[in-house]
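Have a look at the structure below before the remarks.
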Amino acid sequence: MTLEWRNASKAYGKKRAVNDFSLEVPKGELLVLVGPSGCGKTTSLRMINRLVDPSSGKILVDGRDVSEIPVTELRRHIGYVIQQVGLFPHMNVAENIGAVPRLLKWNKVKIQARVRELLDLVGLPADDYSEAWPAHLSGGEAQRVGVARALAADPPILLMDEPFGAVDPLTREVLQREFLRIRSTLKKTVVFVTHDLDEAIRLGDCIAVMNGGRLVAAAAPGELLLNANPFIRDFTGEDRALRRLARLSVGDTIGQTTPIAPGGYGDSGTPTGLIRTDATLKEALSLMLEAGESSLNAVSPSGRHMGKLTMENLLENAAGIGVS
Amino acid sequence: MRLIERERIDVVPLTAVLLASVSFFGPFAALKENRVVDGQIIRGFELLGGGLGAGVLILGALTLVVALSGGGGKTRNLVYSFAGVACLWITAVLLVRAGALLGQAGEAPRVSPAIGFWGLPGASYVLIDHSRRQAPRWRSLMLTVCALVPVCLIFSDGRGAAISVFQEWLERQDRFLDELIVHVRLFVFAILGATVFGLPLGIIASKNKRIERLVIAFVDVVQTIPSMALFGLLMAPLAALSRAFPLLRSLGLRGIGAAPALIALTLYALLPIARNAIVGIASVPLPALEAGRGMGMSRRQLFWRIKWPLALPYILTGLKTASVQAVGNAAVAALIGAGGLGIMIFQGLGQAAPDLILLGVLPLILMAVLVNRGWELVIRRAVSPGLLGEVL
């Protein structure tokens with residue numbers, strides 16, 4: 001389903017939390033709303049499932065104004081994940097995941113099957129977890145259950161409000177990776193709020209940067225890091241070039257820039273370092289710096305020689321020439 | 001020096017053994033000719049013959065050794081439960097023996113309880129309660145039956161008739177039963193009333209800070225008025241109402257009797273019920289509410305599926321507190337003619353007859369314990385196991 005904010009504003013007294021916000025999310029895209037705290041990103045997100053009603057403007061889901069859809073009806077078809085997870089402590093994991101299907105009056109057998117399927121999807125063995133109580137789960141496990149609960153009724157839209165903000169960095173990375181995997185199989189329209197730029201770059205198809213209730217810029221991660229707007233440059237930080245490199249893999253770059261040259265290595269001599277094609281360009285740069293070389297041999301995970309990666313490739317990509 | 005290692009010594013049973021020995025060697029009861037005279041003190045060990053006395057001593061020593069030393073948890077618990085059950089049996093045997101010693105002199109010869117009479121069952125309770133901590137439920141039930149059945153058998157054929165409380169009971173059997181029923185009725189209706197008013201009051205109060213302050217202030221003030229004073233305060237307006245409206249009078253509303261007692265007891269029970277409802281609903285974690293709203297629960301669904309079950313442990317605990325309190329408070333109601341077990345207590349006080357006081361107090365204690373246990377059972381049944389670990 002498509003999603004759209006059309007001149008949405010929200011005022012609390014004199015303060016405008018969201019100011020004339022307009023943005024469209026195409027079907028199946030993941031939009032990340034990012035910005036400093038108090039920038040209005042959470043308020044904008046909560047307008048979609050009407051936990052916040054805009055003071056003016058409207059929100060359209062598939063072209064329909066959400067204020068015309070009965071609120072419980074709307075919410076039951078939008079998955080919602082929050083930072084504090086908010087599992088119901090008096091229900092076990094299976095009952096928590098089955099909450100929305102129960103609201104939609106599915107029958108028991110169908111709910112049970114769906115719960116098992118979802119536990120499987122989020123990587124928690126159903127036999128060990130479906131009877132567990134929320135109080136006994138770790139932060140990471142709880143948020144997996146939270147994601148499973150949001151996906152239970154197979155909603156076309158998923159709203160995630162800093163879902164991985166409360167877990168330790170290691171778990172966060174695991175959850176992000178798993179979430180990317182889940183998303184690639186489900187293809188839902190997702191709005192994801194975070195204040196962590198790295199998370200935004202890693203997950204987003206499109207990143208919308210907000211400040212003071214206004215949309216500053218919305219662009220694909222690669223483009224955003226090249227944006228000349230002073231606020232964006234400040235927000236993305238001095239290491240934005242490294243962030244760009246971190247997004248790109250050696251394999252993609254080799255394919256785009258240097259033709260595979262079996263046998264010869266060109267004129268810059270024979271590189272001695274090796275880099276796997278599934279590594280990022282940032283890792284490649286680090287390896288070059290470490291080895292004091294300006295080029296590396298790229299090899300596929302199976303060990304096949306794929307070509308040469310040069311410092312020039314990295315410079316072009318970091319500056320955004322040719323590819324975005 | 002292994003004996004002194006902290007974790008190896010069982011402190012609770014040790015205390016029980018100490019209590020039991022004080023009770024056994026100290027004064028057990030007094031033989032009296034009637035309810036007022038001082039009587040002749042008699043000690044536990046004097047009542048037991050050689051064989052039985054030696055058995056008791058050996059059992060005591062065994063329990064002491066087990067409590068002080070290591071050994072498997074199972075064996076320990078077995079010894080404790082046996083010792084606990086035995087303590088109760090010994091009490092019964094001692095009572096019967098004491099009764100046999102009683103002469104026929106006097107108008108109402110009796111065995112009046114002294115410290116030993118209370119200490120032995122006390123030790124029994126502590127030992128049994130301690131031993132069944134980790135035991136499955138059926139075993140603790142069996143223990144209770146084991147402890148109580150022989151005792152009941154001994155007394156059922158009239159051999160316990162010499163016990164003073166029993167004598168008081170014999171003298172006023174019918175009256176006792178009536179007052180017991182009145183007492184139960186008083187506190188049950190008071191709790192029902194307080195629940196009907198207090199729960200909605202608490203729930204409404206939890207939605208609005210201003211109402212919450214009002215409710216809390218009201219129930220707090222009521223709680224600070226001594227029960228006697230509250231009865232007194234209610235008498236005048238109720239009497240006036242009753243005079244002014246004959247209809248109310250015909251319904252039983254008068255300045256004295258059941259009406260003011262019920263009203264006062266209900267007001268007292270309001271505090272724990274309303275306050276716990278407020279606290280319970282305030283305890284519902286906000287993220288759970290946010291998640292519930294976000295997934296499309298209506299207000300009603302949010303209340304019944306999230307708020308109510310999460311507040312339930314607090315609400316039921318409030319009901320438990322209010323009930324136990326009401327059992328005791330209902331005794332005071334006797335002073336304004338509402339009847340109940342309080343009658344026995346106040347009569348006993350008036351006549352300086354401790355045995356009669358006990359006739360009122362013992363069933364009161366038993367009732368309070370039963371009510372407490374009953375609510376605990378309800379709480380364990382009604383509250384989600386997901387909450388039991390944290391809240392209770």
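Structural remarks
- Shape call, region A:121-199: gyration tensor on alpha carbons, a/c limit 1.5: oblate
- A 1.4 Å probe run over chain A, with the rest of the protein chains in place, finds 46 Å² accessible per residue.
- For region A:104-135, accessible area lost to neighbouring protein chains reaches 30 Å² or more, against the chain alone with a 1.4 Å probe, at A:TRP133, A:ALA135.
- By DSSP, the beta bridges lying fully in the protein assembly as shown are antiparallel in about 60 percent of cases.
- For region A:6-127: relative contact order, % (alpha-carbon pairs under 8 angstrom, 6 or more apart): 18 percent
- Per-residue average of Cβ from other chains inside 10 Å of A:48-55: 1
- Under 17 Å from B:LYS209, Cα to Cα: aspartates and glutamates that are on another chain or at least 8 residues apart: B:ASP220
- Cα gyration tensor shape for region B:237-392, rounded if a/c is under 1.5, else prolate or oblate: oblate
- Segments B:32-43, A:75-86, B:292-303 sorted - mean Cβ within 10 Å per residue, highest first: A:75-86, B:292-303, B:32-43
- Element breakdown for region B:173-391 at a 1.4 angstrom probe: carbon and sulfur atoms account for 69% of the accessible area.
- With both labels modelled 7 Å from their Cα along Cα-to-Cβ, the B:TRP118 to B:ALA54 distance reads 3.5 nm.
- In straight-distance terms, cross-link reach from A:LYS105 covers every one of the lysines whose alpha-carbon lies under 21 Å from its own, apart from those fewer than eight places away in the same chain; here that gives B:LYS307.
- Chain A packed on chain B takes about 1800 Å² of accessible surface away from a 1.4 Å probe, both sides summed.
- Whole-number percent relative contact order across chain A, with pairs defined as alpha carbons under 8 Å at least 6 apart: 18 percent
- Relative to its Kirkwood radius, the Cα radius of gyration of region B:201-322 gives an Rg/Rh of 1.14.
- Span-like helix ranges in chain B, DSSP H, alpha carbon extent 15 angstrom or more, Kyte mean at least 0.0: B:11-25, B:50-68, B:73-101, B:115-131, B:137-156, B:173-205, B:209-224, B:227-244, B:258-282, B:308-332, B:354-382
- Average projection area in nm² (convex hull over Cα atoms of the protein assembly as shown, one quarter of hull surface): 48.6 nm²
- Set of region B:317-332 residues, backbone N closer than 15 Å to the point 7 Å along the Cα-Cβ line of B:LEU377: none
- The Cα atoms of region B:121-260 give a gyration tensor whose axes a ≥ b ≥ c have a/c of 1.5 or more with a/b no greater than b/c, which makes the shape oblate.
- Pair A:LEU289, A:GLU223: separation of 7 Å Cα→Cβ label points (nm): 3.0 nm
- In the assembled protein chains, A:LYS27 presents an accessible area of approximately 150 Å² (probe radius 1.4 Å).
- Packing rank of B:259-272, A:285-298, where each peptide gets the mean count of other beta carbons within 10 Å, highest leading: B:259-272, A:285-298
- What chain B shows is 51 Å² of accessible area per residue, with the surface traced by a 1.4 Å probe over protein heavy atoms.
- Candidate lysines - alpha carbon under 23 Å from A:LYS27, same-chain residues fewer than 8 apart omitted: A:LYS41, A:LYS58, A:LYS187, A:LYS188
- The alpha carbons of region A:3-237 give a radius of gyration and a Dmax of 17.8, 56 Å, in that order.
- Share, in percent, of DSSP beta bridges within region A:3-237 that are antiparallel, nearest 5: 50 percent
- Here each label is just a point 7 Å from Cα along the line to Cβ, and for A:ASP198 and A:MET311 those points are 2.6 nm apart.
The values are calculated or read from the model by the stated rules, or taken from the named source; none is laboratory data. Since this is a predicted model, take the numbers as computed values, not measurements. Positions of Cβ are backbone-derived with ideal geometry, glycine not excepted, and every protein chain shown enters the neighbour counts. The accessibility values were calculated without ligands, DNA or RNA, using every heavy atom of the protein model including side chains. Shrake-Rupley method; radii C 1.70, N 1.55, O 1.52, S 1.80 Å.
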